[in-house]
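Any read-out appearing in this document is the output of simple, stated calculations on the displayed coordinates, not a laboratory observation. Note that the structure is predicted; figures quoted are calculated from it, not measured. A quick note on method: Cβ atoms are made from the backbone with ideal geometry, for glycine too, and the neighbour counts reach across all protein chains shown.
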Amino acid sequence: MSDLVFKGRAIKLADNISTDDIIPGRFAHLRSNLPELAKHVLEDAAPGFASKAKALSATGEAKVILVAGKNLGLGSSREHAPVVIKMAGVGAILARSAARIFFRNAINQGLPVLLCDTDRIGDGDELEINLTSGKITNLSSGIALTCGKMPPIMSAILKEGGLIPYVRKHKDLVITD
Amino acid sequence: MGKTLAEKILSVKSHCEAEAGDVVIVDVDLAFIQDTTGPLTVRRFKESGFEALARPQQTVIFLDHAAPSPAQQLSNDHVLLRGFGEETGCCIYDVGEGICHQLVAENFASPGDVVVGADSHTITAGALGAFATGMGSSDVAVALALGKIWLRVPESFLINLSGAFARGVYAKDLVLYLIGRIGADGANYKALEFSGEALAEMTISERLTVANMAVEAGAKVGLFPTDEITRDFLREHGRGDKYKPLSADTGANYEQVISVNLDQLEPMLSLPHAVDNVRPVAQVKGVRIQQAFIGTCTNGRLEDLAVAAEIVEGKDRHPTTRLLIAPASRQVLIQAMERGYIQALVGAGAIILPPGCAACLGLHQGVLGDDEVCLSTANRNFRGRMGNPEAEIYLASPATAAASAIRGEITDPREFM
């Protein structure tokens, strides 16, 4: 399996998970110490998320797929939110919808966000994700899901592993279509 | 076909005919960071391989979220940012000057500008006809390095405003009503464009309140056309030459049109723990509150303090309710002192906090205790927002907050008028 096609296991979250839920403002003093900050990921909204994700990624068999409902990441522009999700071992995010700043911030970390009908995915389901075709197969239920395409510049950023590696390479922003 | 305001501004700034749905690269007129997102932006900037800012004079650092800092780590973040400011020659507004969005409105944003900030409420400057949008640290780092950014041109919702606010009803009540109607994700990725006869009576302070909260409906930008009120504001703030008339074309294409008659509005509030959980104050009256907080980029301006001072003057806050006041900028604080508002507020038992974000985001100056309830004039009431997931936050206008501080419970401000 390549980076573009991979298997993972779902950890399911509710609708309307805000960036304050993902990393509360009371931990703002830890923002320049990402390993410490990451320990508090989703600590109020989904207690046990960090240990569950750690245990799952430790098996090395599948990536952790964060599966959320609607309007994931609403609120603040803190890029720390997708950063700590990625540090928790999450390899991709699926959501019914995502707030625009969070969506962009996640792609900028090289963390794929795919929008699809996540009501059809249960906690613990095994998923196969094809980033090229945008096809998601729920291996636990057999259901196939498709997600919309992102603009080419976002695919290019994702391909380079995030916005900073993209800019380091291209020294510019380039629209390709 | 005519263009929306968003399409017009982005066409000029991208040097092409931009239409909703296009991805364009635009020149950035102002890029800014603040102290909770700035340190990561500085690190991203350094990782990007660039050494100099594309436009140091159009780059600003604001130290406002932890102001003054309550923790050594945040103090060290301030040290880092001040150092970056010195190295790169950009502008810096240190602790005590005020909230980034207020200072951007007072000193920088002008009609037709593209403003990007590492803060979601960057959107506030849409009140002055600037295409202002919040982004993460990496995007802003790229804006610092290249002086440009990529954007998807948003589809627009036209918000048509008629009538006038009744006594006791304010811009905050309008925007809470709108968010309740649109929903917290109803305008995700979209532009909200305000229009209608009611704008002729709407001050810049009121427009800033409305634009500020457009992001709470998911919007990328909340844009006001410009008029004489905009021109007078810019003139008063020393940049009258930056005024230009700006409005959407007739025949512009809107994804939705939402009409609101201001005559029909009443005082509104958002209930815990969602900004779009909106009801009339009259339906929620009587809920006990332990803290009222008047301030923030939504409602910490002179007009807001004037309304609060008028309500509390000669009275005392309820003995079990703290009343916190945080002016949005040093200029606001000075003017509020000159006009006697601070005297009236402190006379009623208010605590005056330094100009800055204060209690809004839970890192200092008014963190709530377990099961405490705060009525705040801020823009977010997510669980844990004010530092404690066991507390509850209601959002309302400064008038509702002031009236509620006197009674110790959620109160319709019209009872004090």
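Points to keep in mind about this one:
- Using the rule -39500 (n - 2.57) for each DSSP H run of four or more residues, divided by the residues of the protein assembly as shown, the 222 nm mean residue ellipticity is -8500 deg cm²/dmol.
- The antiparallel fraction among DSSP beta bridges confined to chain A stands at about 45%.
- Nearby lysines by direct alpha-carbon distance to residue B:172 (threshold 23 angstrom, same-chain neighbours under 8 apart not counted): B:190, B:220, B:285
- Packing rank of A:69-81, B:357-369, B:300-312, where each peptide gets the mean count of other beta carbons within 10 Å, highest leading: A:69-81, B:300-312, B:357-369
- Computed over all pairs of different Cα atoms, the Kirkwood value for the hydrodynamic radius of chain A is 16.3 Å.
- Summary value for chain B: 18 percent relative contact order, contacts being C-alpha pairs under 8 angstrom separated by 6+ residues.
- The GNM of chain B, with springs linking C-alpha atoms under 10 angstrom apart, assigns the highest mean-square fluctuation among B:377, B:250, B:226 to B:250.
- Computed P(r) (all Cα pairs; the protein assembly as shown; 20 Å bins; percent): 22, 57, 21, 1
- Derived scalar couplings ³J(HN,Hα) [segment B:59-66; Karplus, 6.51 cos²θ - 1.76 cosθ + 1.60; whole Hz; x for Gly, Pro]: 10, 9, 10, 10, 9, 9, 6, 10
- When you filter the GluC sites (Glu not before Pro) in segment B:318-417 for DSSP loop state and at most 13 other Cβ atoms inside 10 Å of their Cβ, you are left with B:390.
- Leading residue at positive end of dipole, chain B (Cβ point charges), from B:251, B:138, B:293: B:293
- Inter-chain neighbour count for B:74-84: the average number of beta-carbon atoms from partner chains within 10 Å of each residue's beta-carbon is 1.
- Only one residue of B:222, A:82, B:393 has its Cα farthest out toward the positive end of the dipole of the protein assembly as shown, where Lys and Arg carry +1 and Asp and Glu -1 on Cβ, and that residue is A:82.
- Residue B:337/residue A:156 FRET efficiency (R0 41 Å; Cβ-Cβ; nearest 0.05): 0.15
- Legend: mean number of C-beta atoms from other chains within 10 angstrom of residue C-beta atoms, peptide B:47-53, equals 3.
- Note that segment A:19-105 carries a Kirkwood radius of 13.0 Å, evaluated over its alpha carbons pair by pair.
- Three-way shape call for segment B:291-342 based on the alpha-carbon gyration tensor, with the a/c threshold at 1.5: oblate
- Peptides B:69-75, B:42-48, ordered by how many other C-beta atoms sit within 10 Å of their residues on average, highest first, read B:42-48, B:69-75.
- The mean count of C-beta atoms from other chains within 10 Å of the C-beta of residues in A:160-167, rounded to a whole number, is 5.
- Using the Cβ-Cβ distance between residue B:247 and residue B:203 with R0 = 30 Å, the FRET efficiency computed as 1/(1 + (r/R0)^6) comes to roughly 0.95.
- Overall form of chain B per C-alpha gyration tensor (a/c, 1.5; a/b vs b/c): oblate
- Using Cβ point charges alone (K and R +1, D and E -1), the dipole size of segment B:270-416 about the Cα centre works out to roughly 140 debye.
- Residue B:79 versus residue A:61: modelled label distance in nm, points set 7 Å from Cα along the beta carbon direction: 4.8
- Proximity of backbone amide H atoms, modeled 1.01 Å from N, is registered between residue B:155 and B:21, B:191 at under 5 Å, excluding neighbours fewer than 5 places apart on the same chain.
- Bridgeable aspartates and glutamates around residue A:171 (alpha carbons under 19 Å apart, same-chain partners fewer than 8 residues away excluded): A:160, B:27, B:47, B:51, B:139.
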